[in-house]
Amino acid sequence: MDTLNKTYVRKTWQENERVPVLHIIKSLGRGGAEMLLPETLRQHDQQKFRFHYIYFLPWKNQMVAAIEQEGGKVVCVEAKNNASILFAVRKIAAYVRKHNIQLIHCHLPWAGMAGRLVGKLTGVPVVYTEHNKWERYHKLTYYMNKLSFSYQQRVIAVSSEVANSIKTNYRKIRPQVQVVANGVDTAKYARTQPAGNDIRKQLNIPATATVIGIACVFRMQKRLGAWLDIAKALHEKHADTFFIIVGDGPLRDEIHAKAKALGTDNYVFFAGLQAETRPYFTAMDMFMMSSEFEGLPIALLEAMSMNCVPVCTAAGGIPEVIKDGVNGLLAPVDQPLQLVDRLSQLIQQPGQVTQMKQAARETVINSFSMKKMVAELEDIYNDLIKN
């Protein structure tokens, strides 16, 4: 990497040149924020923008190939933990100078802190995307994030719930907070597209059975233990109901042990981590989440785009997507087992299921498409670059 120069003057950017934009993110694994990056890159105007990506955890690199395939330049500045990310600031600043970066876009607190310091060193404007409610952060993360929050020009919140959390905890007019809802590629995530493997056939699930699923990282917030409790209770009421869990994560052993203890082997299937989730969404009738807290889950939007009825606890930004009884079902966050009775009633009304499937997809097309999201991002980029 280049060494830190004592002074730095941003080079003049010519109108006919592509604008270099740098994304800074802690990891490029299979979390929601990371998985959005190659999808948004595919939709961005790459005749106008040239995208660079810096991440810090080398063992979480699953999205690197996908980003590079879409034309992004990816660099790992290795850091062992959150604190060491901040020691990478000088290296990142050197990268910004070398590549004449005109805008820095950070994701999540520790990458955000580093990016803000780089912005102060280089004079490059910084935009930050907040994916979670502040109340859920560790105290050190919370206060460090808050301390450096003014060192940026714009803040993007992925939902109104996240925006309200920022305003409640930060309580300052600047920087401006703007909601840009997460989006998905509704052309890609559609049942009209080839789905690949026939998952129902592979798992010996009857074509007439009801299939309920989820795709997620196995973390505490997802409450997959409660998810399994719901599955067991619902299967006892409706024996032709089956369940698919796509994903992996730190609680893998715990969740598998609970499933075994509940005796769900014959009707709950663990698919593991999957790079291609569309065949699984195609197999599902409903997408169920029992989360304690959320921002705005990407997998939920992808499933809805593929005509899965969302059945969820009203966590975070989820109620901004689901209108209870119209395009899905909601239960209170502190009462996830309410989903058992709600689902039991819905399963017995196939006509309503069909209507909700269509309504779910229409919701994403109208309000949560990747095209809409990228257009709003580029408006922000253009505004900050011009200033």
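Anyone know which of A33, A226, A93 comes out most mobile in the 10 Å Cα GNM of the chain? Top of the fluctuation ranking is A226.
Which pairs, out of K80/K139; K60/K98; K48/K91; K48/K73; K98/K386, put more than 24 Å between their alpha-carbon atoms? Where the Cα-Cα span goes over 24 Å, the pairs concerned are K60/K98; K48/K91. Placing pseudo-labels 7 Å out from each Cα toward the beta carbon at D383 and Y142 gives an inter-label distance of 2.9 nm. Note on region 173-311: Cα convex hull, mean projected area over all directions, 9.8 nm². The modelled label-to-label distance for the pair Q46/A207, using points 7 Å beyond Cα in the direction of Cβ, is 4.0 nm.
Using the Cβ-Cβ distance between S367 and T192 with R0 set to 25 Å, the FRET efficiency works out to roughly 0.80.
Under 23 Å of direct C-alpha separation, and excluding same-chain neighbours fewer than eight residues apart, K232 reaches these lysines: K201, K222, K258, K260.
Heavy-atom accessible area with a 1.4 Å probe sorts E376, E276, largest first, into E276, E376. Given the alternatives (i) 16.5; (ii) 18.9; (iii) 20.5, mean projected area of the Cα convex hull in nm² as computed for this entry is given by (ii). Could you run the Debye sum over the Cα atoms of region 179-248, one equal point scatterer each and no solvent, and tell me log10 of I(q)/I(0) at q = 0.14, 0.17, 0.22, 0.23 Å⁻¹, two decimals? Relative scattering, expressed as log10 I(q)/I(0), comes to -0.63, -0.88, -1.13, -1.15. Taking all protein chains together and a 1.4 Å probe, the residues L262, L224 rank L262, L224 from largest to smallest accessible area. Taking a sphere under 11 Å around the Cβ of I67 and counting the other residues whose Cβ falls inside, with K and R at +1 and D and E at -1, yields a net charge of -2.
Rounded to the nearest 10 degrees, the inclination of helix 252-262 to the longest alpha-carbon principal axis of the chain is 10 degrees.
Counting each pair of different Cα atoms once, what's the Kirkwood radius of region 225-369 in Å, rounded to one decimal? After inverting the pairwise mean of 1/r, the radius is 15.4 Å. Residues in the chain average 44 Å² of solvent-accessible surface per residue, probe 1.4 Å, ligands and nucleic acids excluded.
Label zone (N164, point 7 Å along Cα-to-C-beta; backbone nitrogen cut-off 18 Å) within region 96-137: 130-137.
These residues, H256, H44, go from largest to smallest accessible area, 1.4 Å probe, as H256, H44.
Here the accessible area of region 318-370 is 48 percent carbon and sulfur, with a 1.4 angstrom probe and all protein chains present.
The values are calculated or read from the model by the stated rules, or taken from the named source; none is laboratory data. All values derive from a computational prediction rather than experimental measurement. Methodologically, a virtual Cβ is constructed for each residue, glycine included, from the backbone with ideal geometry; neighbour enumeration extends over all protein chains shown. To get the accessible areas, we keep the full protein, side chains included, count just its heavy atoms, and leave off ligands, DNA and RNA. Shrake-Rupley method; radii C 1.70, N 1.55, O 1.52, S 1.80 Å.
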